[in-house]
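Take a look at the structure below.
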């Protein structure tokens, strides 16, 4: 056992039961809840995290009744016949030595269906459906539905329930003036606005008895106009304690808040200050949450007395054995969550099964496996970007003898470039993880070495992860000294002037926009600067914890034009849950965005374009090509000629927007098929 994280690994006594450590796996909807046969897959998913040592698991949100569903076919637990499938999950977790709570979530006005209800008929900006106001009898029925759901959860073998009272869902909608415009006993004063949630907590406690965990996820920082004041948050916490909750979990921000709360650009542990502030006000254990993704961050929060537990959802998607590895002193073996949202939340909000960019096995535990091989083959992997490193690791995990060739002097490929973008510093963690795995698995790594067809003939299997090269458009003057590729800029090979045109407004164009406009050191590395940049007030002097944004964050290091040929809105194809953040940052910094641009030529004067039928000259010093990539298949063509069989993975296979999620998953599939 390691003594490096004594506070994180310390047990927590809840009186009637004990948690083995201070790590709570936060609620996260996986999509398996609605899939045919999904509960068996869900059981395997949670059991793997229980085996990995997490103290307490909370499931994805399950509705207490039909109107509370997130979507028409979303899960609910209201009937005895539904208990059996949940029991499969709880039994698997208990056999693996874990504890698990069911999250009861009523979507309120966030329900994506015409039957949604709320405190008042106030439409959400993120849903097309206007809710009906719950009647007084409807409120009483809903309280009974919560109590029934909790009782059924207890019957199914859950160790407790979490009542979702944050993120702008139904209970939060009653608690805040923003959405509660009622004039009856459930509206107006805080006492009235809290009447329904508190009555529900008491009804749940009565239904399940005293020896059952009740967590309440309390919105401590609404981050929206019309959110609660700090005094109201404190009062709610005290009332919840009196009503019988076992633990209070921290909720940060509503889904409609225009402030990032979990994206990779959010500093680690950025919101633990708010949990710390409440800790002196109540006696029940409090859970800190959001962007806690390494054992060091968790230990610091717990050791400094900011919280009694830490919640991690995505970090346990990235590595099921996070806690166990920490306890064994194997910190460098943890596959750290990089908070990209690409495999998890982007999937969830697109109604696809969640998984993880850095761990493609997450939520596919029963389908994507790496069984040990009876007979080891010699495998050559060429290219050490994410696809190549993952292919080498997964093939070696199965028992193959692997050699990894990389012509550059370092591992990482395009990930080295991505890690230079402000707010993407986390990408270094993935490089560190795969480097460590290659070492642990005994992969022979040949850096600074080109693999030629002759050398590759000696191997049983050849995997080409040769990546991409920047696409250079056929444009007059493209060879002018003003023109550079995004790779040359990120590698520091070419200087960039004060006036810049970015050709291409996909993910790379936006990354380059952030990189070239950043006038200061990345705010992600400076929590107080970051809070000021987004208008979050740690002193909580106004409702929702909002304040004026610090305009120094809007300074741009350069005058930048971001252009695309498409006539759609720039950035339309960016991540579903993070794209708006990138658009907001560039807009704040005054980056001029152009759609429907025809590029004519580059000359000494600058970039000549046609826009809306009119020819224009942009007097720029530098034109950066962000015009996509092409698969690097030179070696593959040579191998074909030499009669050597091979398989492509990653960008060498498909050169669409740099897609590490697809590359790493494909690496796992190819390794599984060897």
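FYI, it's all coordinate maths here, none of it is from the lab. All values derive from a computational prediction rather than experimental measurement. Glycine gets a Cβ as well: all are built from the backbone with ideal geometry, and neighbour counts include every protein chain shown.
Could you sort the peptides 562-570, 17-25 by per-residue average Cβ neighbour count (10 Å cutoff), highest mean leading? Write down the numbers at each step before the final one.
Working: 562-570: 17.4, 17-25: 22.3.
Result, highest mean first: 17-25, 562-570.
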Quiz prompt | Pair residue 225, residue 350: separation of 7 Å Cα→Cβ label points (nm) | solution = 3.3 nm
Practice problem: Would you mind pulling out the separation of the Cα centroids of region 169-183 and region 525-549, in Å? | Solution: 23 Å
Practice problem: At 7 Å along the Cα-to-beta-carbon direction for both residue 238 and residue 129, put a label point, then send me their distance in nm to one decimal. | Solution: 3.8 nm
Self-check item: DSSP bridge pairs, region 12-335: antiparallel proportion in percent, nearest 5
Solution: 5 percent
Quiz item: Listing 236, 617 from the residue with the fewest other Cβ atoms within 10 Å to the one with the most, what is the order?
Solution: 617, 236
Practice problem: May I ask you to order 663-672, 408-417 by the average number of other C-beta atoms within 10 Å around their residues, highest value first? | Solution: 663-672, 408-417
Quiz item: Based on the Cβ-Cβ distance of residue 528 and residue 4, what FRET efficiency does E = 1/(1 + (r/R0)^6) give at R0 = 30 Å, to the nearest 0.05?
Solution: 0.65
Quiz prompt | Alpha-carbon centroids, region 447-519 and region 204-239: separation in whole Å | solution = 50 Å
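Considering only DSSP beta bridges with both partners in the chain, what is the antiparallel share in %, to the nearest 5?
Details: 18 of 81 bridges.
If I count the DSSP bridges inside the chain, around 20 percent turn out antiparallel.
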Quiz item: Once you put a point 7 Å from the Cα of residue 34 and another 7 Å from the Cα of residue 367, both along the Cβ direction, what distance in nm separates them?
Solution: 1.5 nm
Exercise. Quick one: check the C-alpha center-to-center distance for region 397-444 versus region 80-118, whole angstrom.
Key: 38 Å
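Compute the relative contact order of the chain as a whole-number percentage, counting only Cα pairs closer than 8 Å that sit 6 or more residues apart in sequence.
Details: 1552 pairs, mean separation 82.4, N = 674.
Across the chain, relative contact order equals 12 percent.
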